[in-house]
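Reviewing the structure listed below.
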Amino acid sequence: MGKPSYGDRDPVAAIATPLAESALALVRTSGGGSGEKGQSAQSVIELLSGVFSQPGKLLAAEGNSLVHGWIIDPSSGKKIDEVMVSLYRAPRSYTGEDCADISCHGGIATVKAIMAALKQTGFREALPGEFTFRAFMNGKLDLTQAESVMELVAAKTGRGREQAVRRLAGVLEKEINEIKSLLVEVLAGVEIYLDYSEDEFLGTDDDETAGRLPSRNLAEEAAGRLKNLAGNWYRERIYAEGALAVITGKPNAGKSSLFNYLVREDRSIVTNTPGTTRDWIEALISLEDIPLRLVDTAGLRDLRSSHEENTEAENIGIKRTLDLLDKADLILYVIDGAEGITGEDREFFLRHKDSAPHIPTLFLWNKADLALPPSLALPPSIDEKDEKKLPGKILPLSAKTGKGISELTFSICECLIKKESEGTQVGPGTLRQKELIDAALTSVEEALALAAKEAPLDVIAPLFRSAVNVLGEITGEVSGEDIFDAMFSKFCVGK
């Protein structure tokens, strides 16, 4: 038997629930029926009847119905488990094929025995994401909706789930298709213009033809909507993957105490000895429905004297901290309020503002229960010329008592998601979609720039054609098998 592929029509089965002790488990099957590519040799319902205690009842059942019975071991004829089979007949099913979902008891041995029985009777084990792939191939989902299925499975918070559901409902597909329609209309106008002599158009009073680009306003509208989609990627990535928030500061400033307070458990060791944390510790939390990958790091010291004062473990910890700071979506810099702002703190203020001004940073005055921050946000003994390089706001808090934590939570959310109203807008849900949107936007903007210089339309037309084709790749209208394999192989088995 050859290696299975996503394009075949074999009857497939997969365990759709975690393989662990539970009250119930689900085994999914699909194959046959009246899909777009015709019928496979045998429907899954016919195959399943060979290991079902009431085959006649199963074969006669209508779609969207339940049948009670037993799964039988085809080798010994013994009963494996009492089950309920949910039947879905093509094309009214998730995949567009005949489907049967077997609800059984959740014992590990039971589920494995049912899968073994199905394989003996002619099923093969489904590839990762193969059910969703078949739904896409049979026109039940477009590619953006297929990707949103996996987003929904992986959603870490309610907001991430909501955004994935919106894409599953087709909001991204609708926006992409509307933008593509605008570009198709522009391209049609350009090609009609090319089919006639230029003089026929230049002799008219039509503003659009005089501007050398028919329907330029439609092209500009498409560019604006593509730019809006691309701009929403950061927010969508935060909701889907979580933001990386790195807690840093000099040793013994209270970083680990703050980490433990936010995580609500003692994950980091806290002592009065500076440098207790030698490596970084990560935990996933949710703040106002934003998934946050919170990282507690080793304290920053002056690396110039590391060979004299620090141990090798401390130096490695500091190096890893600096690497994390470069990748962070947000930096939480903790100042030891009991000691005040030190030279090490000032060094970070200046270095960070020069090297990574694009990374939002919150400066936290910890131990505010012992000492309040200075009335001015600027550290003392700093020249006025450096004012713009220093933090404009310091948040007082106490990782011991919880004072100021609610203000910190609000500030974190404000930094990561600038406008709450943006949550109602559509955006790409995967990096693949974002990269294709960027490619389409680049083509349209280049076409508009050339049109502004009155470049020949036969040079401009291919750019609009490229943008239309790229948008077709997002929805799956234009694509290749290699792209399908790469994308669906990342899905979980059973989906």
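Among 71, 133, 84, whose Cα projects farthest towards the positive end of the dipole of the range 12-142, with charges put on the beta-carbon of Lys, Arg (+1) and Asp, Glu (-1)? The listed residue farthest towards the positive side: 71. Taking amide hydrogens as placed 1.01 Å from N in the peptide plane, the amide H of residue 364 sits under 5 Å from those of 333, 334, 335, 395, each at least 5 positions away in sequence or on another chain. You can think of it this way: the chain between residue 109 and residue 358 has 84.3 nm of extra reach, that is 0.36 nm per residue less the Cα-Cα gap. Between residue 76 and residue 23, the simple label model (points 7 Å from Cα in the Cβ direction) yields a spacing of 2.9 nm.
Whole number please: convex hull volume per residue of the Cα set in the range 1-133, in Å³?
Convex hull volume per residue, Cα atoms: 105 Å³.
With the simple model of a label 7 Å out from the Cα in the direction of the Cβ, residue 53 to residue 351 spans 7.1 nm.
Near residue 70, within a Cβ-to-Cβ distance under 13 Å, what is the net charge of the other residues, with Lys and Arg +1 and Asp and Glu -1?
Around residue 70, the surrounding residues sum to 0.
Approximating the spin labels as points 7 Å out from Cα along Cα→Cβ, the residue 120-to-residue 477 distance works out to 5.0 nm.
One chain, two ends: residue 393 and residue 282. Fully extended at 0.36 nm per residue, the span grows by 37.3 nm beyond their Cα-Cα distance.
Estimated at 0.36 nm per residue, the fully extended path between residue 68 and residue 154 surpasses their Cα-Cα distance by 27.7 nm. Using a cut-off of 20 Å between Cα atoms, the listed pairs 140/227; 250/367; 255/403; 180/453; 227/434 include 140/227; 180/453 as exceeding that distance.
Values quoted throughout were computed directly from the atomic coordinates according to the rules given, and no laboratory measurement underlies them. Predicted model only: the values in this text are computed from it and were never measured. When we count neighbours, we look across all protein chains shown, and the Cβ atoms used for this are built from the backbone with ideal geometry, even at glycine.
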